[in-house]
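Structure first, commentary second.
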Amino acid sequence: MTKLKYKRVLLKLSGEALAGDQGFGIDPVTVNAISKEIVDSSGLGAEIALVIGGGNIFRGVSVSSKGMDRASADYMGMLATVMNALAVQDVLEKMGAETRVMTAISMHEVAEPYIRRRALRHLEKKRIVICAAGTGNPFFTTDTAAALRAMELKTDAILKATKVDGVYDKDPVNNPDAVMYSRLTYLDVLKKQLKVMDSAAISLCMDNNMPINVFNLFQAKSISGVISGQEIGTVVH
Ligand code: UDP
């Protein structure tokens, strides 16, 4: 078996990643491609916990800016992450992986509640743990949930999957001269307000020395590459 750089990882998938080119909802072809990569990485022996966002379906902050109560909107956002989690679970299991969805808001008929010790046991048994409903609290994001779960589950790193190759000095989509960083400190990210994860998530990672590897999800074999130690994307440490 390949010697892995990261034996246990927390993979943060944004909701948008699941939407593919359509930009909204869940695109089965995209979810299939992502799931294949996750199953392959698990096959290398890595223990994988996923935190899934919900921005492809509902984002609390944008709806609350149009008048809805922020907490209610955020609960809707958290429920959106559960839909995404079930979609990914379905595909992963069809590919033969053993998975558990664990929710931060109890809904026993749908999934297990998130219990740290139980999640650790699932990981030890090489089950892919899909953490849904964020932190269970409004006013947070799934980036913060990813940082929190990474700490709780003692992962070796957070793998933050994005649509671009890493972290750039400016938006690479609109600026062809944008330069990608290969390494950054947490303070660089906070001071330069680089779009890696929100500041609450970065601070939590900084206080607990949790490395974040930002990489392009749509580059072939990116997750397995990062796990097995290839220098892919940007590492924040
Ligand atoms: N959310 C929340 N608390 C959390 C995590 C998420 O209230 O701990 C809500 C929030 O409204 C957010 C939505 O769920 O807008 C979807 O999560 P996020 O925006 O982080 O998803 P992503 O951008 O990763 O797709």
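The values are calculated or read from the model by the stated rules, or taken from the named source; none is laboratory data. Owing to the predicted nature of the structure, the values given are computational and were not obtained by experimental measurement. Backbone-built Cβ (ideal geometry, glycine too); neighbour counts: all protein chains shown. These area figures cover heavy atoms from the full protein model, side chains too; ligands, DNA and RNA do not enter into them. Shrake-Rupley method; radii C 1.70, N 1.55, O 1.52, S 1.80 Å.
Normalised by the residues of the chain, what does the relative contact order come to in percent, with Cα pairs under 8 Å and at least six apart?
Numbers: 493 pairs, mean separation 54.8, N = 237.
Normalised by residue count, the contact order of the chain is 23 percent.
Return the subset of LYS36/LYS66; LYS36/LYS160; LYS126/LYS195; LYS3/LYS192 for which the Cα-Cα distance in this structure is over 28 Å, preserving the input order. Before the final figure, lay out the partial values.
Details: LYS36/LYS66 38 Å; LYS36/LYS160 17 Å; LYS126/LYS195 32 Å; LYS3/LYS192 35 Å.
Distance filter (> 28 Å) returns LYS36/LYS66; LYS126/LYS195; LYS3/LYS192.
Provide Rg and Dmax in Å for the range 45-183, with only Cα atoms included in the calculation.
16.5, 50
Are there any helices in the chain, counted as whole DSSP H runs, that stretch 30 Å or more along their axis by Cα and score at least -0.5 on average by Kyte-Doolittle, and if so which? Write down the numbers at each step before the final one.
On the way: long enough: 70-94 (37 Å, 0.38).
In the chain, the long hydrophobic H runs are 70-94.
Report the Rg/Rh value for the range 109-230, based on alpha-carbon coordinates and the Kirkwood definition of Rh.
Values: Rg = 15.6 Å, Rh = 15.9 Å.
Dividing the radius of gyration by the Kirkwood radius yields 0.99.
Carbon and sulfur atoms: what percent of the 1.4 Å accessible area of the range 142-237 do they account for? Present the calculation step by step, with values, prior to reporting the outcome.
On the way: 2310 of 4570 Å².
Answer for the range 142-237 is 50 percent, counting heavy atoms of protein chains only.
May I ask for the net charge around LYS7, where only other residues with Cβ less than 9 Å from the Cβ of LYS7 are counted and Lys, Arg are +1 while Asp, Glu are -1? Don't skip to the end; give the middle numbers.
Values: positive: LYS5, ARG8; negative: GLU47, ASP156.
My count for the surroundings of LYS7 gives 0.
So if I place +1 on the C-beta of Lys and Arg and -1 on the C-beta of Asp and Glu, and nothing else carries charge, what would the dipole magnitude of the chain be about its Cα centre? I want it in debye, nearest 20. Working shown, then result.
Working: 28 positive and 25 negative charges, 134 e Å.
It comes to approximately 640 debye.
With every protein chain present, what is the per residue accessible area of the chain (1.4 Å probe, Å²)?
Values: 11130 Å² over 237 residues.
Here the residues of the chain average 47 Å² of exposed surface.
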